[in-house]
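For reference, the structure discussed in these notes is given below.
The values are calculated or read from the model by the stated rules, or taken from the named source; none is laboratory data. Everything numeric here is computed off the predicted structure, so don't read it as measured data. For neighbour counting, all protein chains shown are included, and Cβ atoms are generated from backbone atoms with ideal geometry for every residue, glycine included.
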Amino acid sequence: MMAPREDPPDVERLARSMLSLRGDHDDHDEAAPTPPARRGQSKAPASTGRPGGTAAVRDATQADRDRYLTSGLQPVDCRFCHVTVNVKKPGPGHTAVQWNSEASQRCAVFAELRASGEHSARTRSCPKLTDSIEHAIAEGCLEAVSTAPPPGDG
């Protein structure tokens, strides 16, 4: 059984309704309406017309970026191959590890994987580093659950 055939949309009627809603393209000299602010979200302040405004926005953006990338991270040394990585424990079942190029190249476990033809990036973690992180927690050098505020909450 064939579905009933629908008539094509009335393009002229659709265009007229869009023009009545949005206006034609000749009104681009007017400022676009500002969308209402959403609760819990911040927007960078307008910097035009204020001395040093652009620099202030740039500095605030850099500070936000640095906080997002480093909030709560603490250096931990691997007791096996002596590389240093940054670690944060957001919760009991989650460990965030920020590797750097030197550490990923010097990690003995990752080097073995590369030597066998595997990709270390596909490995969930380094068991030697996991032991070192647990040791750092036991020694009190690393918080078992980070008390640093999550990025974006400040």
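Cβ-Cβ distances below 9 Å connect the following pairs, each with a first residue in the stretch 143-154 that is within 10 Å of TYR68 (Cα to Cα) and part of a loop (DSSP other than H, G, I, E, B), a second residue that is among the acidic types (Asp, Glu) and at pLDDT below 85, and a separation of six or more residues or different chains: PRO151/ASP64; GLY152/ASP64. Are any of the residues in the stretch 99-107 under 22 Å from the mean Cα position of the chain (by Cα), without any contact (Cβ under 8 Å) to a residue 24 or more places away in the chain and assigned to a loop (DSSP other than H, G, I, E, B)? Yes - at least one qualifying residue is present in the stretch 99-107.
Residues checked against (1) in contact with an Asp or Glu (Cβ under 9 Å, 6 or more places away or on another chain); (2) surrounded by 14 or more Cβ atoms within 10 Å (Cβ to Cβ); (3) under 17 Å from THR147 (Cα atoms):
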site	(1), (2), (3)
GLN74	yes, yes, yes
VAL85	yes, yes, no
ARG124	no, no, no
ILE133	no, yes, yes
ALA136	yes, yes, yes
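Taken over the stretch 26-64, the criterion of being modelled with pLDDT under 65, surrounded by 11 or more Cβ atoms within 10 Å (Cβ to Cβ) and either under 18 Å from the mean Cα position of the chain (by Cα) or not in a loop (DSSP other than H, G, I, E, B) (or both) is satisfied by ALA44 alone. Of the residues examined, ARG67 is not one that is within 23 Å of LEU142 (Cα to Cα) and either in a loop (DSSP other than H, G, I, E, B) or acidic (Asp, Glu) (or both). Of all residues in the stretch 87-122, how many are touching a Leu at 6+ places or on another chain (Cβ under 6 Å) and modelled with pLDDT under 90? Residues meeting the conditions: 1.
Kindly check whether there is at least one residue in the stretch 6-22 that is part of a helix (DSSP H, G or I), modelled with pLDDT under 70 and not β-branched (Val, Ile, Thr). Within the stretch 6-22 (the criterion being part of a helix (DSSP H, G or I), modelled with pLDDT under 70 and not β-branched (Val, Ile, Thr)), the answer is yes, since at least one residue qualifies.
Filtered by the rule that a residue be of a type in the set (Ser, Thr, Tyr), loosely packed, with under 15 Cβ neighbours inside 10 Å and closer than 22 Å to THR70 by Cα, the stretch 87-122 gives a lone residue, SER101.
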